[in-house]
Amino acid sequence: MTMTTALPIAMIPGDSVIHRINPIAKLVWVVGYIVLAFSTQNIFILASMAVFAFLLGIVAGVLKPLLKAMIILVPIGSSLLALQIIAPAVERPWTLAGSIGPLSLYGDGLYYGFVLLGRVVASLIIALVMVMTTHPSDLFTSLAKLKMPYTLNFMLAMTLQLIPVFQREFGVIMSAQKSRGMKGTGFSAVLPSFVPVFVGAIERVQQLSISLESRGFGSDGHKTSYRQVRVRVRDWIIGGLGAVLIVGLSVYSIIRGTWSLSGEIVFSGAFVTTLFAIAALTFFGFIAFTIIYGFTRK
Amino acid sequence: MTDPIIRFDNVTYHYPGTEEPALRDIDLEIMPGEYVAILGLNGAGKTTLGLCVNGVVPTMLGGTLEGSVTVGGLDVGEYPVREMAKIVGMVFDNPEFQMSQLSAAEEVALGLENAGIAYEDMVRIIPETLELVGLKGFEERSPLGLSGGQQQRLAIAAVLAMKPQILIMDEPTSNLDPIGKQEVFSIAGKLNKEAGMTVVVIEHEVEVMAKFADRVIVIDHGRIVMNGAPEEILSRVKELGALGLRAPEAAVLADDLRARGLWTGPTPTTTAPAVEQVRTMIGAARG
């Protein structure tokens, strides 16, 4: 019996420039992106970050899986924009841009919605590009070189391994229970599988620890590494450049008080109203689709 | 006269919190370079016996061990399993539970890394070992994405790469097809003959064991009840039957024919001599 369940987001093998960058240099960029995204409210910076990350994804040749993983942004993005337009998460006074029935729509809300969305999109894309272009083992080997404790590193790597294993075991146990007449879908169907899956997990972990010890895991002697991750001058430059650029922009943003342009940019009433309508419809459409799909799939 | 590489001295073992011992009064000596098969029903104590050799019993699983187990001159209870790993390689029956790495090559590398083998040697040993078990070209595949049989061969490769003096395999071929089974035991046989590796196999497959093993040990309720050459042990069809075990088909056939007065001479334990003798008998009857 072989069922292969790959992780929803996994490395896409390739040999692009992005693939060959050292994992730590990439990690610097991801962390930097998150820091910058959350220290600025300048939508032009956020938008260019997202576009740049997206371009990296295209260069790395992971466009298709990237777009697929970004579907999650549809419900998040549409609900975010719609909610921000009717209830901005910024201080009053708000500028009224229009209204639909009893709902008042605010232009500042739309600006802040764009900021929030920009943060999520930029961080998500760069993180996805990193995950999709880095072999997990290379990442863990690099982390080990940075003196990350071996056991902690092993635990992280093991977690990645166990997710598909548990997915598969849930599948097997649920099929077994269904074949014995158990009814129900969704969470109520998953619930009775928890006990067998976790009992199985404990047994698995004990067997694994015996197997690992039998292969000398945890011995005190000198250890070597099979994975060789090279750090080239290029990687230092890329990592350094990323750090400088991001720290620079973050500091400048913070000095300018998050560099929000909500005062300068005024959206027209029609624009806000249309965008609200689209966002709200998309969100409810998405929800409706999920519910109907969930019910008809029994 | 060389010393035995594995010596059980009057060993009785209880798992934690159990009344009934899993092993009773085990006295056993295995010489370097022997190929030993251990037979017995489920729960007879075969696996426990195997676990004693690399010290998982009692150092990892607890319980009380009376008597002593000496492996390669070391008293097993005194050393952690990871130290014994330098001498004893152990393959367990559930291959999927032994996989921990993201690629097959790294799975094999794990033991080598822990033993501190240089990178230059690893890049040579790993492909060699994978080729030995028929997994050439699977280096970058995820162990969990392999079939049961491939996983089993990978688990064997992961241990063989460490070049242990003693190889213990606990039902290593349960997921393999008949050809795969033959391959695993002949790899072990080759290492046994050419490199002098001591091999202990815990198995149900009497046919294969009759072919490869130098010695067969039968365990029942934690006791060694038979211990000798495969031709001697596996031909005792009735006694094996009384223990709930099956003798090789060839031996069963010969035994049945003997009861009808049709078989003379020794009871064969492998198919080839049985076929030969039946052929001669048919020839004689016709001629």
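Going by how many other beta carbons lie within 10 Å of each one, how would you line up B:E183, B:E131, fewest first?
B:E131, B:E183
Using Cα pairs under 8 angstrom and six or more residues apart, how large is the relative contact order of chain A, in percent?
Computed value for chain A: 35 percent relative contact order.
Just to be sure I understand: of the beta bridges DSSP finds with both ends in chain B, what percent are antiparallel, rounded to 5?
Given both bridge residues lie in chain B, the antiparallel proportion sits at roughly 50 percent.
Quick one: go through the stretch B:221-247 and flag any residue whose amide nitrogen is under 11 Å from the point 7 Å out along the Cα-to-Cβ line of B:R258.
B:232-239
What number, rounded to the nearest 500 deg cm²/dmol, is the helix-based mean residue ellipticity at 222 nm of chain B, given -39500 (n - 2.57) per DSSP H run of at least four residues and division by all its residues?
-12000 deg cm²/dmol, from helical runs alone.
Expressed in whole Å with the largest first, what are the equivalent ellipsoid semi-axes of the protein assembly as shown derived from the C-alpha gyration tensor as the square root of 5 times each eigenvalue?
On the way: eigenvalues 800, 156, 91 Å².
Those come to 63, 28, 21 Å.
For A:S219, A:S142, which order do you get if you count the other beta carbons within 10 Å of each Cβ and list the fewest first?
Ascending number of Cβ neighbours within 10 Å: A:S219, A:S142.
With the Cα gyration tensor of the stretch B:248-287 giving a ≥ b ≥ c as the square roots of its eigenvalues, does the rule (a/c under 1.5 for rounded; else a/b larger than b/c for prolate; else oblate) give rounded, prolate or oblate?
oblate
Can you tell me the mean projection area, over all orientations, of the convex hull of chain A's alpha carbons? Units nm², please.
Spelled out: convex hull of the Cα atoms, projected over all directions, averaged, 21.2 nm².
What distance in nm lies between label points placed 7 Å from Cα along the C-beta direction at A:I72 and A:I255?
It works out to 3.6 nm between the two label points.
Fewest Cβ neighbours within 10 Å first, please rank B:R223, B:R153, B:R236, B:R124 accordingly.
B:R124, B:R223, B:R236, B:R153
Which angle between 0 and 90 degrees, to the nearest 10, do you get for helix B:178-195 versus the longest principal axis of chain B when only C-alpha atoms count?
70 degrees
When only C-alpha pairs under 8 Å and at least 6 residues apart count, what is the relative contact order of chain B, in percent?
The normalised contact order for chain B reaches 20 percent.
For B:E139 paired with A:V90, estimate the spin-label separation in nm (one decimal), with each label point 7 Å from Cα along the Cα-to-Cβ line.
5.6 nm
What is the angle, in °, between the Cα long axis of helix B:249-259 and the longest principal axis of the Cα atoms in chain B? Nearest 10 is fine, range 0 to 90.
20 degrees
What 222 nm value per residue comes from the helices of chain A, counting each DSSP H run with n ≥ 4 as -39,500 (n - 2.57) and dividing by all residues, nearest 500 deg cm²/dmol?
Taking each H run of at least 4 residues, the total per residue is -23000 deg cm²/dmol.
Between B:E276 and B:M31, how high is the FRET efficiency from 1/(1 + (r/R0)^6) when r is the Cβ-Cβ distance and R₀ = 41 Å? Nearest 0.05.
With a Förster radius of 41 Å, E is 0.85.
Determine ³J(HN,Hα), in whole Hz, for all residues of the stretch A:212-220 in sequence, where each value follows from phi through the Karplus function 6.51 cos²θ - 1.76 cosθ + 1.60 and θ = phi - 60°; x replaces Gly and Pro.
Per-residue couplings from phi come out as 5, 4, 5, 10, x, 4, x, 6, 7 Hz.
Could you work out the relative contact order of the stretch B:248-287, using alpha carbon pairs under 8 angstrom and six or more residues apart, expressed as a whole percent?
Result for the stretch B:248-287 is 40 percent.
Extending each Cα 7 Å along its Cβ direction at A:R230 and B:N10, get the distance between those two points in nm, one decimal.
6.4 nm
Work out how much length A:T296 to A:Q206 would gain on full extension: take 0.36 nm times their residue separation and subtract the Cα-Cα distance, in nm to one decimal.
28.3 nm
Return the whole-Å distance between the Cα centroid of the stretch B:1-45 and the Cα centroid of the stretch B:97-120.
For the stretch B:1-45 versus the stretch B:97-120, the Cα centre distance is 30 Å.
Using only Cα atoms, find the angle between the long axis of helix A:136-145 and the longest principal axis of chain A, and express it within 0 to 90 degrees, rounded to the nearest 10.
80 degrees
State the antiparallel share, in %, of DSSP beta bridges confined to the protein assembly as shown, rounding to the nearest 5.
Working: 23 of 41 bridges.
Rounded to the nearest five, the antiparallel share is 55 percent.
A:E264 to A:V31: FRET efficiency via 1/(1 + (r/R0)^6), r the Cβ-Cβ distance, R0 45 Å, to the nearest 0.05?
Efficiency, from the Cβ-Cβ distance: 0.90.
Kindly list the residues of the stretch A:212-255 that lie in the label zone of B:D121, defined by a backbone N under 18 Å from the point 7 Å along the Cα-to-C-beta vector.
Within reach of a label on B:D121: A:215-228.
Coordinate-derived values only; no laboratory data. Bear in mind that the values here come from a model prediction, so they are computed numbers and not experimental data. A quick note on method: Cβ atoms are made from the backbone with ideal geometry, for glycine too, and the neighbour counts reach across all protein chains shown.
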